[in-house]
Amino acid sequence: MVFNRKVRRTTAIGLSALAMVALGAPNVVLAADHLDAPGFPNSPLGRHDADINDVYVFAADATHTVLAMTTHPALGVVTTQTAYATDVVYKINVSSADPSQHGDLDGDDDGDGMVSFQVRFGATRKDGTQRYRVARLSGDDRQLIAKGRTGEVFEDDDGDGTMAFAGARSDPFFFDLDAFNNTVQAVPNSRSFSNPGVDFFSAFNTNVIAIQVPNEYLGSSKVNVWASTNSVDGSIQYDRMARPAINTVFNGFKKVFNSGVNTDKNEFNLIVNPADDPTAGGGKFRTNVITVLQEFSSLSGTAYTDTEAAGFADVLLPDVLPYDTTNPTTNGVFNGRSPADDVIDTELTLVTKGAVKSDGVGPHTDYLSVFPYFGKPH
């Protein structure tokens, strides 16, 4: 089914969203990966149109997988340039997690288990849409698998189930940000965790790139997935993202716990090969994970030991999202991620050592049961 959706923003929603951003400005970056550069409202290397919010990978059915990334945080409010960039390659990278497939996360597309789904956009047309093309790269093989216009669903007419979508959707992320700031980050405000909580992101929109492919396109049944945005010539990596909140939380608190300017989030985004995460910068990103885990887990009364925190750090880095196509049950952290996965509850329980098990906010109610699965924009 092909359709065209226009972004519908009422003045009330726009003003409400803007007020939410303004009131939460110092800490809005502590989301999944929204605006994950130091300060506010900053995107990596100043590019809102290359800023990745979230990454998703989940089963469409027994033989097809959906790969998706959201970009353009607070679309139309913070990100006022809503078009996709024509000088950016939007990538969803897939590497085999099976050692027999030689998946080494090196990101060089040399046929060693690495597959990359790359999306390029044309200039904005008079009707506000953009043409796009989706290519699958594996080694020296480059295959065009989809092309279309933003706001429309592409479905391959050869019957293999390949589908694609790019355009505005409601932001699927859900989180009581103010309660986190007050209760865990210790920035006093009026919000504490409650049931029900207050979803900071419920009024926001975002851009979505969603690709549905046959499982064999992934190259292996067990894979690691991450997204990146890069310059066309490959010389610049603007942003990267896999599991939610890795960069914003674990690399975002260096200024809180240490003196000096926090440049770690920007440096982390520049790492092209996720396999380098634990050792990059002399191991400081692994140290950041350990430090934050021990600080936040102290809320339980007994902080993680050095050994416990190091064990979790070795699971969370490299920052990739594992997925097993034979196990469609996702959780957002350890096996894939669907829009409705409550990643915040999972990660709150982990980082606070069970002191805080939930933010009281549940999934949005506007997710679709069919491709592209993400709700219509507000």
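The number of residues in the range 114-145 being within 23 Å of D51 (Cβ to Cβ), in a strand (DSSP E or B) and of a type in the set (G, A, S) comes to 2.
Counting residues in the range 251-267 that are assigned to a loop (DSSP other than H, G, I, E, B), of a type in the set (S, T, N, Q) and open to solvent by less than 10 Å² (accessible area, probe 1.4 Å) gives one or more.
Any chance you could count how many residues in the range 291-308 are closer than 17 Å to V356 by Cβ, free of Cβ contacts under 8 Å to residues at least 60 places away in the same chain and surrounded by 15 or more Cβ atoms within 10 Å (Cβ to Cβ)? Residues meeting the conditions: 7. Residues that are at pLDDT below 95 and aromatic (F, W, Y) were ranked within the range 204-254; the one that is nearest to L321 (Cα to Cα) is F250. Consider the range 309-335 and keep the residues that are of a type in the set (S, T, Y) and surrounded by 16 or more Cβ atoms within 10 Å (Cβ to Cβ). The one that is nearest to E216 (Cα to Cα) is T325.
From the list V333, V343, the one residue that fits, being modelled with pLDDT under 95, out of contact with any Phe, Trp or Tyr (no Cβ under 7 Å at 6 or more places or on another chain) and within 26 Å of H364 (Cα to Cα), is V333. Restricting the search to strands (runs of 3 or more DSSP E) fully inside the range 181-243 and requiring at least 2 residues that are over 28 Å from D276 (Cβ atoms) gives 205-214. Looking at the range 160-210 only, could you name the residues that are of a type in the set (D, E, K, R) and touching a residue at least 40 places away in the same chain (Cβ under 8 Å)? Correct list: D160, R169, D171, D176, D178, D199. Screening N207 with (1) over 15 Å from the mean Cα position of the chain (by Cα); (2) open to solvent by less than 10 Å² (accessible area, probe 1.4 Å); (3) polar (S, T, N, Q) gives one miss only, at (1).
Restricting attention to the range 152-197, the residues that are open to solvent by less than 20 Å² (accessible area, probe 1.4 Å), of a type in the set (S, T, N, Q) and out of contact with any strand residue (DSSP E or B) (no Cβ under 8 Å at 6 or more places or on another chain) add up to 1.
Just so you know, in the range 336-372 the residues that are closer than 14 Å to V55 by Cα and in contact with a Pro (Cβ under 6 Å, 6 or more places away or on another chain) include one that is surrounded by the most Cβ atoms within 10 Å (Cβ to Cβ), and it is P339.
Between A135, A74, A123, A146, the distinction of being within 25 Å of G46 (Cβ to Cβ) and at pLDDT 95 or above belongs to A123 only. Only one of these is within 15 Å of P38 (Cα to Cα), in contact with a helix residue (DSSP H, G or I) (Cβ under 9 Å, 6 or more places away or on another chain) and either without any contact (Cβ under 8 Å) to a residue 60 or more places away in the chain or of a type outside the set (D, E) (or both): N262, N288, N230. Name it. Result of the check over N262, N288, N230: N262.
Taking the range 48-84 as the range and being over 25 Å from S369 (Cβ atoms), surrounded by fewer than 21 Cβ atoms within 10 Å (Cβ to Cβ) and in contact with a strand residue (DSSP E or B) (Cβ under 8 Å, 6 or more places away or on another chain) as the test, the residues that pass are T82, A83.
The values are calculated or read from the model by the stated rules, or taken from the named source; none is laboratory data. Source: prediction; values computed, not measured. Cβ sites come from the backbone with ideal geometry, for glycine too, and all protein chains shown count toward neighbours. For the accessible areas, the whole protein counts, side chains as well, though only heavy atoms, and no ligand, DNA or RNA atoms are used. Shrake-Rupley method; radii C 1.70, N 1.55, O 1.52, S 1.80 Å.
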